[in-house]
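Chemist: This is the structure, below, for whatever I ask next.
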Amino acid sequence: MPRMLRHGSTVGADLPPDEAVTLDAPDGPMGDALAAVHAGDRGPAAALLAGTRERAEWERRSTYVTQLATAALHSPGWLEDWLAESPEDPDAVLVKAELCVHQAWEVRSAARAQDVAAEQFQAFFALLGDAVPVASAAARLNPTDPVPWQIALTHARGSQASREVFDAYWAEAVARAPHHYGCHAAALQYLSEKWYGSHGEMFAFAERAAGSALPGSKLHALPLLAAVEYVVVSDDPRQSPVERARIDAAVERGLELSTWYEPGDPDAADFRNHLVLMLILHERWEEALEVFRAIGVGARTYPWAYLGEPRTEFVELRSGVRMQLASRTPLFSRPGRPDTAPAAPAPAGPGQPRTLAIAAAPPHAVAEAALMCGVSLRIAPARPGTSYVELVPDPVPGRRAALSREDRLTAAAGSFTTGEKWPALVLRRSGSRYGLTLVQKGTETAAHQWDPAAPVTDHAAAPSRASGSPRWPRSRTRTRRGC
């Protein structure tokens with residue numbers, strides 16, 4: 001107690017205050033769109049959804065559709081007007097499909113089946129029946145979209161669909177987006193023991209998806225979600241035990257995944273909330289505090305709703321972690337914060353050829369952009385908002401890699417920066433020669449190479465020997481801060 005009294009106000013003092021914590025807060029653009037929707041203006045929301053469809057941003061589309069369906073549940077009228085004006089709009093129909101399923105679950109509630117009244121079940125199944133033609137229309141109007149099939153997977157869970165129906169929906173989902181996190185999370189729920197699967201099947205599904213995922217993909221969080229289902233949600237895990245090693249591995253995978261995202265990133269908030277709960281249950285207080293720092297104000301309904309009122313549980317358990325650390329701090333010492341800054345890649349040996357790129361984007365964004373570049377890359381976090389990128393030796397390179405020029409990393413940077421706002425700086429060393437190339441939007445905008453043993457070029461001669469676009473003003477050739 002004396003330690004808690006002495007250190008309780010200083011441990012975690014850099015965390016946001018309790019009153020700043022928000023539950024399921026949308027990102028900036030959707031926050032503005034929701035404010036407009038509640039005022040009766042659907043324009044910004046329609047524009048956001050159209051953008052996700054045109055750019056095939058399926059993860060963001062899934063999140064936005066859920067948030068808009070929730071808004072339609074509490075602020076009726078605007079969605080009905082949208083559908084009346086444009087009944088074949090794939091975005092409006094998709095929100096309606098999600099709303100139908102959402103309404104059904106609101107009636108049923110999240111209670112266990114034995115605690116749901118017969119009248120609730122009757123209304124639940126009726127509303128799910130109404131959702132079928134709407135979800136079918138959403139799939140028909142946008143055939144490449146996996147989000148209608150995510151809705152179908154959730155519908156299958158509620159409607160007690162057979163495994164054959166679930167498998168058919170799953171095949172449609174992965175045919176459109178094999179690494180879609182939302183579809184995987186919906187499927188994991190169906191396969192859990194509390195629904196139609198088992199702990200073993202749920203973990204096997206989650207570990208298989210994570211094992212084939214790209215670095216930084218949120219699919220690496222699936223075993224963590226399975227661990228929460230097993231440890232927190234299941235009635236009695238001892239009846240169908242899962243090896244402790246699988247739980248520990250899920251937590252370690254979640255910790256590693258968290259390093260790929262910047263603090264406060266809303267895309268990481270879902271799995272970070274699950275991660276911090278598992279760390280608390282394992283009494284790993286220091287790591288839990290660091291994850292709370294990474295979450296910032298972004299509390300999520302789940303997993304905290306499994307314990308009680310979500311925001312209250314988040315705030316109280318965060319305070320509990322602070323007190324646990326304070327009680328472990330010697331009375332007359334000062335609590336410190338561990339240095340979690342990632343280390344730079346080890347330098348190459350003398351004379352060893354080496355190429356390294358620094359991309360002005362977080363690792364998960366680089367990994368997503370590099371999906372089609374045709375070479376294997378190793379991506380690691382650098383300073384906040386930037387990433388180190390290097391080639392992984394590949395004995396059987398892809399076709400695009402085989403067609404690349406000798407400097408394959410520069411060619412890869414040209415591929416993964418295409419269509420992106422952020423640049424990449426490629427650094428090269430071969431023997432005694434050094435070079436760098438700035439690549440932006442798939443184009444080499446500036447390059448320089450030098451030999452340290454050669455005479456130093458004076459400033460007057462340097463511009464005539466530098467390569468780059470002479471039409472650009474000088475400021476345009478500078479790299480972004482952190483690159």
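Chemist: Tell me, what HN-Hα J-couplings in whole Hz come from the Karplus equation 6.51 cos²θ - 1.76 cosθ + 1.60 at θ = phi - 60° for each residue of segment 211-222, using x for Gly and Pro?
Modeler: Calculated HN-Hα couplings, in order: x, 9, 7, 6, x, x, 5, 5, 4, 5, 7, 4 Hz.
Chemist: Using a 1.4 Å probe over the heavy atoms of the protein chains, calculate the carbon and sulfur portion of the accessible area of segment 38-164 as a whole percent. Could the numbers behind the result be given before it?
Modeler: Numbers: 3130 of 5790 Å².
That share works out to 54 percent.
Chemist: Moving on to the next point. I need the P(r) histogram for segment 66-182: all alpha carbon pairs, bin width 5 Å from 0 out to the longest distance, whole percents.
Modeler: Taking all Cα pairs of segment 66-182, the binned fractions are 2, 12, 20, 23, 20, 14, 7, 2, 0 percent.
Chemist: How far is the Cα center of segment 43-99 from the Cα center of segment 355-386, in Å?
Modeler: Taking the Cα centre of segment 355-386 as reference, the centre of segment 43-99 is 32 Å away.
Chemist: Could you pull out the trypsin sites (Lys or Arg not before Pro) across segment 52-157 that fall in loop regions by DSSP (anything but H, G, I, E, B) with no more than 10 other Cβ atoms inside 10 Å? Mind showing how you got there, number by number?
Modeler: Values: sites: 53, 55, 60, 61, 96, 108, 112, 140, 157; in loops: 55, 112.
Filter output for segment 52-157: 112.
Chemist: Only Cα pairs under 8 Å and at least 6 apart count here; give the relative contact order of segment 241-333 as a rounded whole percent.
Modeler: Working: 73 pairs, mean separation 22.4, N = 93.
It comes to 24 percent, rounded to a whole number.
Chemist: Hey, can you find the accessible area per residue of segment 204-320 for me, probe 1.4 Å, expressed in square angstrom? Provide the component values of the computation, followed by the final result.
Modeler: Values: 4660 Å² over 117 residues.
Heavy-atom SASA per residue in segment 204-320 reads 40 Å².
Chemist: What whole-number volume per residue, in cubic angstrom, does the convex hull of the C-alpha atoms of segment 156-221 give? It would help to have the intermediate numbers written out before the result.
Modeler: On the way: hull volume 5.1 nm³, N = 66.
Enclosed volume per residue, from the Cα hull, is 78 Å³.
Chemist: Pop out the ³J(HN,Hα) list for segment 253-263 in order, Karplus 6.51 cos²θ - 1.76 cosθ + 1.60 with θ = phi - 60°, rounded to Hz; leave Gly and Pro as x.
Modeler: Rounded to whole hertz, the list is 5, x, 4, 5, 4, 4, 5, 7, 10, 6, x.
Chemist: Right, another one. What list of ³J(HN,Hα) couplings, whole Hz, do you get for segment 187-193 from phi and the Karplus terms 6.51, -1.76, 1.60, once you set θ to phi - 60° and write x for glycine and proline?
Modeler: Working through the residues one at a time gives 5, 4, 5, 4, 7, 6, 5 Hz.
Chemist: Can you pull out the GluC sites (Glu not before Pro) in segment 205-268 whose DSSP state is coil and whose Cβ has at most 16 other Cβ atoms within 10 Å? Let's see the in-between values first.
Modeler: On the way: sites: 207, 229, 243, 252, 256; in loops: 243.
Filter output for segment 205-268: 243.
Chemist: Name the GluC sites (Glu not before Pro) in segment 21-106 that are in a loop by DSSP and that have at most 10 other C-beta atoms within 10 Å, would you? Numbers along the way, then the final one.
Modeler: Values: sites: 54, 57, 59, 80, 85, 88, 98, 106; in loops: 57, 88.
Those that pass, being in a loop and sparsely packed, are 88.
Chemist: Given H placed 1.01 Å from N in the peptide plane, which residues other than close sequence neighbours of residue 377 have an amide H under 5 Å from its amide H?
Modeler: When sequence neighbours closer than 5 places are left aside, the close amide H contacts are 392.
Chemist: Taking amide hydrogens as modeled 1.01 Å from N in the peptide plane, which residues meet the under 5 Å criterion relative to residue 446, leaving out close sequence neighbours?
Modeler: 438
The values are calculated or read from the model by the stated rules, or taken from the named source; none is laboratory data. Just so we're clear, the structure is a prediction, and the values are computed from it rather than from any experiment. FYI the Cβ positions are ideal-geometry reconstructions off the backbone, even for glycines, and counts take in every protein chain you see. Please note that ligands, DNA and RNA were not included when accessible areas were found on the heavy atoms of the full protein model with its side chains. Shrake-Rupley method; radii C 1.70, N 1.55, O 1.52, S 1.80 Å.
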